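Okay, so here's the structure we're looking at.
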Amino acid sequence: MGVLDRRLLKTLDLPLIALVMVLMACGLVLIAVAVRARGMMDLVEKQAIFAAVGLALMLALTLWVDYRVLPRIQWYLYGAAVAGLAAMLVVAPEINGCRCWIQAGPVSIQPAEFVKPILILVLADWLARREDRPWTWLDLVPVAAMVAPPALLVLKQPDLGTVLVFAGITGGMLLMAGYPLGRLAALAVGGLAAGVALVWAQLRFPDRIALLESHQLMRLVVFLNPYNDGQNGLGAGYHVLQARLAVGNGRLFGQGLTGPTQTTTSFLPEPQTDFIFAVAAETLGFVGTTVLVLLLLTLLLRALHDATQAADTYGMLLGAGVVAMMATHFVINAGMTVGLMPITGLPLPFISYGGSNLMTNCIGLGLLMSAYARRHKILF
């Protein structure tokens, strides 16, 4: 760590880096479309700065940080992350009912984002060190012990979306580590059933059970019927309805970058962050959105390929966790936009506005490419 071996430059995955840059450029264009009518073009400039810093950070991690030394510091990082999340509950201001952000000069930082790669580090190390023996249910106990502290603290903020990403990371890494798919499916079904039961219980006994904040509960209620928000679609269901309208307006080839749309007339809420996929659908249409989806899928598949080329199990699992993190964001963001999943406020990787998520993705890919670049002994 700290010394650049110039021979590593020849092992960089240039196609993956190019994909990241293309997606960042697409994101800047879509953010500009989303905020132009709102007079917030300064967000485009900020995102461009975030992108430049993120790319530099990604390359620095790839070239200067040998992923094999990370286990030496991972528990210090983990402890600092958990302590930071606990402090957020006390010092962070409440914004839109959530203590998720802290202000640092002109930018807002979401610390929970940076916990994701740290969680990947500790899970990858434990799974890689595990003895080659049959899996049992008890193997999930140490995994749960690592995931639970940050997950519970983030849920307390409350930020259900990030907790779902933690779950996606954990499930993806367990799968790559060889945990039986049937058991993972059983866990997923059991978790879903428990979630439905808790929502029903809170709706049935609101005075006794209050596990979810009122706005979180209403998001789940309007998932199946946006008009069932008590305001005929003008309350919690408004976001869902406007996103669906924007997607439908795009039709085959889209409405283009200019002209009145759900986005440019300010009907679509949070278009530069949560609903950037709806902006893409309305602006680019089915054809353009398909291209964007294919770019994201290509990025994920390329990253997964690189992960499988790592020289050891730790490097492979490290990369798999990064892919699982980005894939969870992609699936949930696109799913909630088209009405297939409840709204949870997760950004679309490399596309949505937001420095914290963009930096987290760049950190993740930097660690993944650190393992890929050191996949074999350099002889030239």
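Values in this text are rule-based calculations from the coordinates and carry no lab data. These numbers come from a predicted model, not from an experiment. Here the Cβ is made from the backbone with ideal geometry for all residues, glycine too, and neighbour counts use every protein chain on show.
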Practice task
Give just the number: which of (1) in contact (Cβ under 8 Å) with a residue 40 or more places away in the chain; (2) in a helix (DSSP H, G or I); (3) surrounded by 15 or more Cβ atoms within 10 Å (Cβ to Cβ); (4) not small (Gly, Ala, Ser) does Cys100 not satisfy?
Solution key: (2)
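Specify which of the listed residues (Leu63, Leu16) is over 19 Å from the mean Cα position of the chain (by Cα) and over 19 Å from Ala278 (Cα atoms). Spell out the reasoning first.
Values: Leu16 fails: over 19 Å from the mean Cα position of the chain (by Cα).
That would be Leu63, the only listed residue that is over 19 Å from the mean Cα position of the chain (by Cα) and over 19 Å from Ala278 (Cα atoms).
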Completion exercise
Reported set for the stretch 207-238 where residues are part of a helix (DSSP H, G or I) and of a type in the set (D, E, K, R) is Arg219
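Does Val154 fit the bill of being assigned to a helix (DSSP H, G or I), in contact (Cβ under 8 Å) with a residue 60 or more places away in the chain and either of a type in the set (S, T, N, Q) or more than 14 Å from Thr328 (Cα to Cα) (or both)? Show your work before the answer.
Numbers: assigned to a helix (DSSP H, G or I): yes; in contact (Cβ under 8 Å) with a residue 60 or more places away in the chain: yes; either of a type in the set (S, T, N, Q) or more than 14 Å from Thr328 (Cα to Cα) (or both): yes.
It is true that Val154 is assigned to a helix (DSSP H, G or I), in contact (Cβ under 8 Å) with a residue 60 or more places away in the chain and either of a type in the set (S, T, N, Q) or more than 14 Å from Thr328 (Cα to Cα) (or both).
Which of the residues that make up the stretch 266-291 are farther than 15 Å from Gly335 by Cβ and part of a helix (DSSP H, G or I)?
Hits for the stretch 266-291 are Val279, Glu282, Thr283, Leu284, Gly285, Phe286, Val287, Gly288, Thr290, Val291.
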Practice task
Can you confirm whether the stretch 364-378 contains a residue that is over 19 Å from Leu14 (Cβ atoms) and touching a residue at least 12 places away in the same chain (Cβ under 8 Å)?
Solution key: no
